[in-house]
Each structure stands twice: as C-alpha cells, then as structure tokens.
Amino acid sequence: MKEKNILKEHRINNHLTQEELANQSGISIRTIQRIEKGLTSGSPHTIKALAKALNIQNQELRVLNENQPLEKSNNFNKVKLLNFSILSVLLIPFGNIILPTILFYKHRTNQNVNTIGRKIISFQIVTTILLFFFSVIIFLVIGRGNGAIPLPVFICYFMVAIINIIIVTRTSIDIDKKREVLKFFPDLL
C-alpha cells in the first residue's frame, strides 16, 4: 500500500526545496524529511506551520492512504473506540487516561488515532490534573480535621464526569462530520 506524499507534492508545486520550506515555516529540515518519507505525520503545530508556508489549508497536508480514503467510516472506528473509552472514568479512577492511552499505543500506527488521539488524551490529562488539584485544595480547606472526604470533592468529580460525557459526545459528532476535534484545546503530546 503506497501512500501519497502530499507535503512533497505541495512543496514541489511551490518550487521550494526542503531547506527553503524549512526557512519559511520554521520547521526543521529533518522533520520535513521524516514527514515526506512517511515516518511521521507531524504534530498539529508542524502541519499548521507547513500549511501556512505553502498557503494551503491544514487538512490538505494530511497523509492519506490511497486504498483507504479518509472519508471511509471504518477508518475512524479505532478513534471512536478511543474517544468512548474516556467514559471508563465513571467506573475506574483515572480510567479516562489509562484506557485511552493503552488504546492509543496499541493503534498509534493508524493516522487518525495518532492525530486525533493525541488531542483527546492531552485534554484528559489536563482535566484530570485540574480535578486532582481542586480536590486537594477543597480537601485541605473544607475537610480539615474531620478525616472524611468532603462533599465538594465528590461534586467536583461528578462535574468532571459530566464534562467528559459532553466532550465525548461532541468529539463523536465532530469525528462523524469529519471536523477538527477539540479545536479549542492545544495538542500537548
């Protein structure tokens, strides 16, 4: 299965060398070479910088397999599974990070899992850190001295669970409609 190298096509169409594209985009030559060889798909920041330098949309630089177009829904099944695995937090503490991360590493060779999964897991890591931080603060301020976990800690956890359900639903809709996932949140991985 040969993959089309869209970056190389756009670079050549713009009459640019790898070095010239690196200078215009601020992305290293090595990264450009790795993307053109198909060794990496590039981070969202890299894709955005390269697309800007080439005067094209970010989506145009997604490397597509000729035999499996992006539009096929079976190409997104692993991403949907990763997305819905976040709901394991309702049964397992830190399940919103553990299970999606396992699925991500198991299927990271899938282009969609690699790009969309990074964003999903990044968001879950940040929300979990915030939940932990606020829970500790609430425990120290309100629950001091009585030995029990204060009710606001449970309320905080419940709110994060509700936010996760909303985010999973919204992400699932975005995946089905082929839109950018969690565009309000930076990719941290």
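Observations on the structure shown:
- Flag not set for residue 26, criterion: within 26 Å of residue 181 (Cβ to Cβ), among the small types (Gly, Ala, Ser) and buried (at least 18 other Cβ atoms within 10 Å of the Cβ).
- Residue match in segment 120-140 (condition: part of a helix (DSSP H, G or I), under 13 Å from the mean Cα position of the chain (by Cα) and either modelled with pLDDT under 75 or not hydrophobic (A, V, I, L, M, F, W, C) (or both)): yes
- Filter pass, residue 70 being more than 30 Å from residue 156 (Cβ to Cβ), modelled with pLDDT of 85 or more and not in a helix (DSSP H, G or I): no
- Scanning segment 82-91 for any residue that is part of a loop (DSSP other than H, G, I, E, B), more than 30 Å from residue 11 (Cβ to Cβ), of a type in the set (A, V, I, L, M) and at pLDDT below 75 turns up nothing.
- Total residues in segment 43-61, condition farther than 16 Å from residue 9 by Cα and of a type outside the set (Val, Ile, Thr): 5
- Qualifying position, being more than 19 Å from residue 182 (Cβ to Cβ), at pLDDT 85 or above and not assigned by TED's automatic domain parsing to the domain that holds residue 42, among 149, 102: 102
- The residues in segment 1-60 that are of a type in the set (Gly, Ala, Ser), in contact (Cβ under 8 Å) with a residue 12 or more places away in the chain and either part of a loop (DSSP other than H, G, I, E, B) or under 19 Å from residue 116 (Cα atoms) (or both) can be counted, and the count is 6.
The values are calculated or read from the model by the stated rules, or taken from the named source; none is laboratory data. Computed from a prediction, not measured in an experiment: that's the story for all the values here. Cβ coordinates were reconstructed from backbone atoms using ideal geometry, including for glycine residues, and neighbour counts include every protein chain displayed.
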